[in-house]
Amino acid sequence: MTSATRWLVPAAAAVLVAAGAVTYAVADGDHPPAPASVAAPGADSADAGFARDMAVHHQQAVEMSYIVRDGTRDEDVRRLAYDIAQTQANQRGMLLGWLDLWELPKVSADPPMTWMGMGDAPAGEDGALMPGMATNTQLEALRGKRGRDAEVGYLRLMIAHHKGGVHMAEGCVKRCEVKAERRLARGMVESQQSEIDLMTGMLKGRGARP
């Protein structure tokens with residue numbers, strides 16, 4: 001697979017926006033009810049809130065992965081960044097597809113994390129809208145780094161980003177009612193925690209700490 005082919009993630013994500021609706025229809029059992037008979041969650045439900053917020057959260061992870069792709073030639077970091085970008089773009093497509101299926105808006109007037117009871121938390125600063133998200137200043141600094149500095153910067157930011165993502169996914173496991181969405185959230189917890197362990201080891205190998 002060529003480098004150019006590997007990074008056609010946005011196109012794959014666009015396709016999966018539509019695929020997300022199909023996933024919801026089939027993931028709740030071997031003999032799911034017809035889509036018209038499935039009760040859609042409300043706009044202020046945990047299901048909708050998680051889908052909206054995690055889609056935004058994932059988009060930044062994809063952005064950071066593109067940045068480090070251009071900042072290093074280290075194959076291990078580039079491979080990790082590709083895997084994260086592909087996985088989270090795919091999951092983002094599923095989340096947005098569910099919102100389309102439920103005929104719910106993709107944005108809300110409520111503050112981020114309201115569905116987790118955190119809507120009254122202080123507003124995020126400098127673009128960091130939710131736990132773990134990097135600030136605009138941190139992203140700009142990452143764009144200017146090269147080599148080991150880019151690798152360490154990316155790994156540190158992504159560890160924090162994943163920790164915030166795990167926190168949100170655990171919230172969905174507890175609060176969401178749609179089985180397929182809870183299943184996706186449990187998978188996020190497991191995979192992102194595994195990647196946190198991997199990235200912590202990669203930082204240690206570069207003589208850096210999280």
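The values are calculated or read from the model by the stated rules, or taken from the named source; none is laboratory data. Note that the structure is predicted; figures quoted are calculated from it, not measured. When we count neighbours, we look across all protein chains shown, and the Cβ atoms used for this are built from the backbone with ideal geometry, even at glycine. Side chains are part of the model used for accessible areas, which takes the heavy atoms of the whole protein and leaves out ligands, DNA and RNA. Shrake-Rupley method; radii C 1.70, N 1.55, O 1.52, S 1.80 Å.
In segment 197-210, the residues that are open to solvent by less than 90 Å² (accessible area, probe 1.4 Å) form Cβ pairs under 7 Å with partners that are modelled with pLDDT under 95, at six or more places apart or across chains, as follows: Thr200/Pro210; Leu203/Arg209; Leu203/Pro210.
Within segment 77-87, the set of residues being among the hydrophobic types (A, V, I, L, M, F, W, C) and open to solvent by 70 Å² or more (accessible area, probe 1.4 Å) is empty. Every condition in (1) modelled with pLDDT of 95 or more; (2) under 22 Å from Glu190 (Cβ atoms); (3) among the hydroxyl-bearing types (Ser, Thr, Tyr) holds for Tyr24 except the one numbered (1). Residues of segment 88-133 that are among the β-branched types (Val, Ile, Thr) and open to solvent by 60 Å² or more (accessible area, probe 1.4 Å): Val107 alone. Among the residues making up segment 138-148, those that are open to solvent by 60 Å² or more (accessible area, probe 1.4 Å), out of contact with any Leu (no Cβ under 8 Å at 6 or more places or on another chain) and closer than 14 Å to Glu63 by Cα are Glu140, Arg143. The set of residues in segment 34-76 being among the hydrophobic types (A, V, I, L, M, F, W, C), open to solvent by 60 Å² or more (accessible area, probe 1.4 Å) and modelled with pLDDT of 95 or more consists of Val56 alone. Starting from segment 123-141, take each residue that is closer than 12 Å to Met168 by Cβ and list its partners that are open to solvent by less than 30 Å² (accessible area, probe 1.4 Å) and part of a loop (DSSP other than H, G, I, E, B), counting only C-beta distances under 7 angstrom and pairs at least six apart or across chains. Final answer for the pair search is Met130/Met113.
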